[in-house]
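Structure first, then comments.
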Amino acid sequence: MQYSNSFKKKTQGSKNYLYIVVIALVIFICACEKSLVFEKNEKMTAGQWHQNDHVDFDVDIADTVNLHNFYINLRHGGNYQFSNIFMFISTKMPDGEFFRDTLECSLAQEDGKWYGSGIGDICDVRIAFKKNLVFPLKGKYHFSIEQAMRMNSLPYVFDVGVRIEKSNVEEDKNIRSFFRFQKKDKNNTPDKK
């Protein structure tokens with residue numbers, strides 16, 4: 001009888017510990033996902049990113065006050081032949097204004113080791129595109145990404161995506177305008193604000 005009571009106490013203690021671990025994990029996951037605004041990844045046809053293949057995302061933005069971080073997600077193979085990738089990122093704002101940026105993404109260290117993480121021969125990397133960004137307008141933003149490597153077909157690129165999350169950095173509110181999309185005047189020159 002004592003053995004079974006002792007066993008019950010140990011089992012009950014293990015169950016309590018398991019409940020605590022599960023609850024802590026759920027709280028951690030919820031806290032992480034609370035900052036997520038948008039994330040979507042698109043697969044490339046046959047693991048190749050063709051030069052004229054645009055990856056398009058429509059994102060509804062309601063928050064024009066808080067700071068956001070904007071990332072490009074990329075999944076590539078270990079046989080990818082370059083240590084970097086250039087991309088064109090086009091943005092169409094809710095008011096119809098259009099912006100185009102060029103982004104160079106470093107994918108490997110000098111010793112050839114890939115950045116990011118993955119299993120086997122696949123590597124997932126998240127590249128910061130804009131940090132502490134304030135979206136100036138509410139509404140639908142259209143983002144279009146294309147590879148800019150001057151190759152008709154870029155092999156071993158499997159997925160391209162976008163992730164937008166709220167920044168957890170408390171910055172001086174006066175700094176926000178610096179991080180907005182750079183607006184251009186009619187002569188196609190940047191504003192001097």
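The values are calculated or read from the model by the stated rules, or taken from the named source; none is laboratory data. This structure is a prediction, so every number in the text was calculated from the model and none was measured. Cβ atoms come from the backbone with ideal geometry, glycine included; neighbour counts cover every protein chain shown.
For the range 40-52, check the following and say yes or no: at least one residue is in a loop (DSSP other than H, G, I, E, B) and either closer than 15 Å to VAL162 by Cβ or among the β-branched types (Val, Ile, Thr) (or both). Checked against the condition, which is being in a loop (DSSP other than H, G, I, E, B) and either closer than 15 Å to VAL162 by Cβ or among the β-branched types (Val, Ile, Thr) (or both), the range 40-52 yields at least one hit. Looking only at residues in the range 54-93 that are in contact with an Asp or Glu (Cβ under 9 Å, 6 or more places away or on another chain) and not in a strand (DSSP E or B), the one that is nearest to ILE119 (Cα to Cα) is GLY78.
Quick check on the range 166-182. Is at least one of its residues at pLDDT 90 or above, under 27 Å from LEU67 (Cβ atoms) and in a strand (DSSP E or B)? Yes, there is a match, as at least one residue in the range 166-182 is at pLDDT 90 or above, under 27 Å from LEU67 (Cβ atoms) and in a strand (DSSP E or B).
Table: residues versus (1) surrounded by fewer than 17 Cβ atoms within 10 Å (Cβ to Cβ); (2) modelled with pLDDT under 95; (3) farther than 20 Å from LYS40 by Cβ.
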residue: PRO94; (1), (2), (3): yes, no, no
residue: ASP101; (1), (2), (3): yes, no, no
residue: GLU110; (1), (2), (3): yes, yes, yes
residue: TRP114; (1), (2), (3): no, yes, yes
residue: GLY118; (1), (2), (3): yes, yes, no
residue: VAL125; (1), (2), (3): no, no, no
residue: LEU133; (1), (2), (3): no, yes, no
residue: TYR141; (1), (2), (3): no, no, no
residue: SER144; (1), (2), (3): yes, no, no
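Only a single criterion out of (1) among the polar types (S, T, N, Q); (2) over 16 Å from the mean Cα position of the chain (by Cα); (3) farther than 20 Å from ASP53 by Cβ is not satisfied by SER167, namely (2). The selection criterion, being part of a strand (DSSP E or B) and farther than 14 Å from ILE72 by Cα, does not hold for LEU103.
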